[in-house]
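This report concerns only the one structure given below.
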Amino acid sequence: MSIKKQTLGEFIIENQASFKYTSGELSRLINSIRLAAKVVNHEVNKAGLVDIIGAAGETNVQGEDQQKLDVYANEKFIHTLTNRNIVCGIASEEEDDFVAINSQDENNQNKYVVLIDPLDGSSNIDVNVSVGTIFSIYRRVTPLGTPVTIDDFLQKGNQQVAAGYVVYGTSTMLVYTTGHGVNGFTLNPAIGTFYLSHPDMQFPEDGKIYSVNEGNYIHFPQGVKDYIKYCQMEEGDRPYTSRYIGSLVSDFHRNMIKGGIYMYPKHSKNSNGKLRLLYECNPMAFLAEQANGKASNGHTRIMDIEPTELHQRVPFFCGSKNMVEKVEEFIKKYE
Ligand code: AHM
Ligand code: MG
C-alpha cells in the first residue's frame, strides 16, 4: 500500500482553518518564505562552485564581516516578501533598521510583520557546513493603513503567530510552527517540492547532548561552568556527549530530534551573550515550547522578555525541558 506524501503546499492549505484569523494572508506569507527558501537553497548548494563565498567587504550592524551569501539571502527574502506585498514590514539581522512596505497606504490591509535572520551561522559556509534561515511572524500592533513603527517589531516572543527555520544541511528542511505543534518538511531537490517528513516534532524530555562553545569556558558564569562539569561527570547516564556545530539552527535541529541542550551564555567579555532576542532566540524558543522543550536566559522564559531594541542580545539556553531546568538550577545557586 502506498502512503500519500503530503507536500508543504497542501499542508498549508489544509491547516489554514486552524489559524486564529483566516484571511489567507498567513498562508500566503508562509508560502512566500517557502519560495525564497528554495531560491536561497539553490545558491547555498552552489557555494563551493561559484565565486559567491567569502566576505562581501561590508560589515553588518553588529560589526561582523558579511559573507556574500548573507547578502544574497537577505535580498532574496526581503525581495520576495516585498514584491508580493504580503507583509507591512520586515526587520532583518542584516539591516540596521526595519523596512516598511507600503504600510501607510490605507488600502494596505497586510497585518503581519516578519523578523528574519536570513543566513545564520554563515561562518560555516566557506567550509561546507550547515547553515540556516530563521523567521518569526507577528501581527502588527499599530492600526492598518498607518506607517509601521518600531512598536510593531518590539513585541514579546509570546505574541508570535508563527516561527520557523530552514536548515540547509545534508538535506534541506523547513520546520515551522503556527502554535499548533512543530512540523518538518524535507525538500526533494529533484522536483523542488517540500514534503512532510517530520510530523509533530518533539524534544525528548531528557537528553544526553550539550552544545556550547567550550572555548569560552573560562569566561562563563560559575553556574554554567558547574553545569558543564555536571554534564561531563561519570554518574548515572552521564557523561553526556558534546556536539557543537556553531550553527544554531543545526544544533537546535539535532537536539530536538535526539534530546539535548544548546547554550550561549553571557560571558565576561559579552554580558548578554551573542544571540539576538528577536531574530534568533524568540523564534527558536517558540519552536522549542511547541515541541515540548524549553528556552530561557538562565532564569526567565525567553518569550516573556520585553524587547527594548531591534538587535538586542540575550543569553540563551534551549532544548530538552529537564536539561534547561537543570542549568537554571546551577545558575540560581550563584545569584
Ligand atoms: P551569526 O548570526 O553571526 O551567524 O551568529 C550566530 C551563530 C549561531 O548560529 C551559532 O550558534 C553561534 O553564532 C556560534 O558562535 P560562536 O562561534 O561564538 O560559538
Ligand atoms: Mg544569526
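Nothing in this text is a laboratory measurement; each read-out follows from the coordinates by a stated rule. This one's a predicted model, so the numbers in the text were calculated from it and none came from an experiment. Reconstructed Cβ throughout: ideal geometry from the backbone, glycine too, with neighbour counts over all protein chains shown.
So the values come out like this:
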{"read-out": "Among Phe220, Phe286, Phe203: highest mean-square fluctuation, GNM of the chain, C-alpha pairs under 10 Å", "value": "Phe220"}
{"read-out": "Where only C-alpha atoms are counted, convex hull volume of the range 215-263 per residue in Å³", "value": "83"}
{"read-out": "Approximate spin-label separation Val61-Lys229, in nm, with each point projected 7 Å along Cα-to-Cβ", "value": "4.0"}
{"read-out": "When each of Lys208/Lys294; Lys274/Lys321; Lys111/Lys274; Lys76/Lys258 is checked by Cα-Cα distance, pairs over 27 Å", "value": "Lys111/Lys274; Lys76/Lys258"}
{"read-out": "222 nm mean residue ellipticity, helices alone, for the chain (DSSP H n ≥ 4; -39,500 (n - 2.57); rounded to 500)", "value": "-8500 deg cm²/dmol"}
{"read-out": "Choice from Gly273, Gly132, Gly24 with maximal GNM fluctuation in the chain (Cα, 10 Å cutoff)", "value": "Gly24"}
{"read-out": "Residues Met233, Met173, sorted so that the one with the fewest Cβ neighbours within 10 Å comes first", "value": "Met233, Met173"}
{"read-out": "Between helix 248-258 and the chain: long-axis angle, C-alpha atoms, 0 to 90°, nearest 10", "value": "70"}
{"read-out": "Environment charge of Asn188, counting only residues whose C-beta is closer than 12 Å and scoring Lys/Arg +1, Asp/Glu -1", "value": "+2"}
{"read-out": "P(r) tail fraction, the chain - alpha-carbon pairs more than 36 Å apart, %", "value": "17"}
{"read-out": "Unit Cα scatterers, Debye sum, the range 179-306: log10 I(q)/I(0) for q = 0.09, 0.17 Å⁻¹", "value": "-0.29, -0.97"}
